[in-house]
Amino acid sequence: MALLITILPSIIILAYFILSDKFKEPKRIIIEVFILGVASTFPAAYLNTGINNFFSSGEVINDALLTGFFAGGFVEETLKYLILYYIVLRKKEFNEPMDGIVYGVVVSLGFATEENFSYVYQIASAYNIPSIDMAIARSYSAVPMHGLNGCVMGFYFGLYAFKGQKKYLGYALLIPILFHGSYNFLIGIGTSYHYLILVILLFMSFGLHKKLKLLQIEKIKENEKKLV
């Protein structure tokens with residue numbers, strides 16, 4: 001049951017965004033990007049640990065800022081972003097703005113799925129928390145946070161690719177870092193207000209997704225010319 005709950009949230013969110021795409025992406029590319037998301041957790045763990053070990057002071061606000069905006073938000077969202085920029089952008093299959101959302105969600109949930117295994121089967125054990133309790137808690141918190149951040153990142157990344165305006169490239173990285181950092185920071189200081197961040201992120205991501213879905217309705221073919 002713990003295993004099912006560990007992977008089910010990612011499957012549900014992935015299915016929603018992939019199946020809602022009018023022009024479906026090739027399965028092999030979806031799998032490749034998902035695996036890259038999984039692989040990105042390894043450098044993230046190394047960098048996060050290094051940042052925390054070097055800069056942690058034991059003071060609540062300092063350490064919450066570290067795990068929020070540096071060891072969490074900046075490191076993890078930057079790694080996902082680099083996969084989109086250096087690998088996905090060059091795929092010929094990435095041929096319309098909606099693909100940015102699809103691949104953004106896929107890479108983010110690849111990361112979230114592997115991270116979830118670590119929390120459910122390693123971190124939970126270290127803190128004497130039942131694995132199933134950890135899996136349930138993260139199913140409606142951290143996993144959706146990663147997936148929805150991927151939607152926001154992918155939306156702006158898609159606009160950058162097909163409008164050619166560098167401001168969207170900045171938004172694609174900065175906004176997810178702010179959401180992720182704020183979410184982790186609020187957890188770090190011991191409040192429950194991180195759920196408010198999740199609600200705001202939910203409405204924003206679905207609003208951006210709906211905007212591109214409406215544009216897709218008018219299309220017969222998905223091909224658009226990349227400007228970058």
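Exactly one residue out of 21, 63 is over 21 Å from residue 188 (Cα atoms) and not basic (Lys, Arg): that is 21.
Could you check, for the range 72-86, whether at least one of its residues is over 19 Å from residue 171 (Cα atoms) and more than 16 Å from the chain's Cα centre (by Cα)?
No: zero hits.
List pairs: first residue in the range 77-99 and closer than 23 Å to residue 113 by Cα and open to solvent by 40 Å² or more (accessible area, probe 1.4 Å), second residue at pLDDT 95 or above and part of a helix (DSSP H, G or I) anywhere in the structure, Cβ distance under 7 angstrom, at least six positions apart or on different chains. Once the first residue is closer than 23 Å to residue 113 by Cα and open to solvent by 40 Å² or more (accessible area, probe 1.4 Å) and sits in the range 77-99, its partners that are at pLDDT 95 or above and part of a helix (DSSP H, G or I) give 87/36.
Residue by residue through the range 116-130, note down the ones that are open to solvent by 10 Å² or more (accessible area, probe 1.4 Å) and either more than 15 Å from residue 4 (Cα to Cα) or polar (S, T, N, Q) (or both).
Listed by number, the residues that qualify are 118, 122, 123, 125, 126, 127, 128, 129.
Within the range 67-76, restricting attention to residues that are buried (at least 22 other Cβ atoms within 10 Å of the Cβ) and either of a type outside the set (A, V, I, L, M, F, W, C) or touching a residue at least 40 places away in the same chain (Cβ under 8 Å) (or both), which residue is farthest from residue 180 (Cα to Cα)? So, considering only residues that are buried (at least 22 other Cβ atoms within 10 Å of the Cβ) and either of a type outside the set (A, V, I, L, M, F, W, C) or touching a residue at least 40 places away in the same chain (Cβ under 8 Å) (or both), the one farthest from residue 180 (Cα to Cα) is 76. When we screen 112, 161, 142, 126 for residues that are farther than 20 Å from residue 225 by Cα, among the hydrophobic types (A, V, I, L, M, F, W, C) and more than 15 Å from the chain's Cα centre (by Cα), the only hit is 126.
Does any residue of the range 205-217 turn out to be open to solvent by 30 Å² or more (accessible area, probe 1.4 Å), modelled with pLDDT of 95 or more, of a type in the set (Val, Ile, Thr) and not in a loop (DSSP other than H, G, I, E, B)? Within the range 205-217 (the criterion being open to solvent by 30 Å² or more (accessible area, probe 1.4 Å), modelled with pLDDT of 95 or more, of a type in the set (Val, Ile, Thr) and not in a loop (DSSP other than H, G, I, E, B)), the answer is no, since none of the residues qualifies. Note on the range 39-58: among residues that are at pLDDT 95 or above and open to solvent by 80 Å² or more (accessible area, probe 1.4 Å), the one that is nearest to residue 89 (Cα to Cα) is 42. Hey, can you tell me all the residues within the range 1-38 that are among the hydrophobic types (A, V, I, L, M, F, W, C), assigned to a loop (DSSP other than H, G, I, E, B) and open to solvent by 50 Å² or more (accessible area, probe 1.4 Å)? Correct list: 1 only. Filter the range 179-204 for residues that are open to solvent by less than 90 Å² (accessible area, probe 1.4 Å) and assigned to a loop (DSSP other than H, G, I, E, B) and give the result. The answer is 189, 190, 191, 192. Examine the range 163-178 for a residue that is open to solvent by 40 Å² or more (accessible area, probe 1.4 Å), charged (D, E, K, R) and closer than 27 Å to residue 6 by Cα, and state whether such a residue exists. No, the range 163-178 contains no residue that is open to solvent by 40 Å² or more (accessible area, probe 1.4 Å), charged (D, E, K, R) and closer than 27 Å to residue 6 by Cα.
The values are calculated or read from the model by the stated rules, or taken from the named source; none is laboratory data. For clarity, every value in this text was computed on a predicted model and none was experimentally measured. Every residue, glycine among them, receives a Cβ derived from its backbone with ideal geometry; neighbour counts consider all protein chains shown. Note: areas computed on protein heavy atoms with side chains; ligands, DNA, RNA excluded. Shrake-Rupley method; radii C 1.70, N 1.55, O 1.52, S 1.80 Å.
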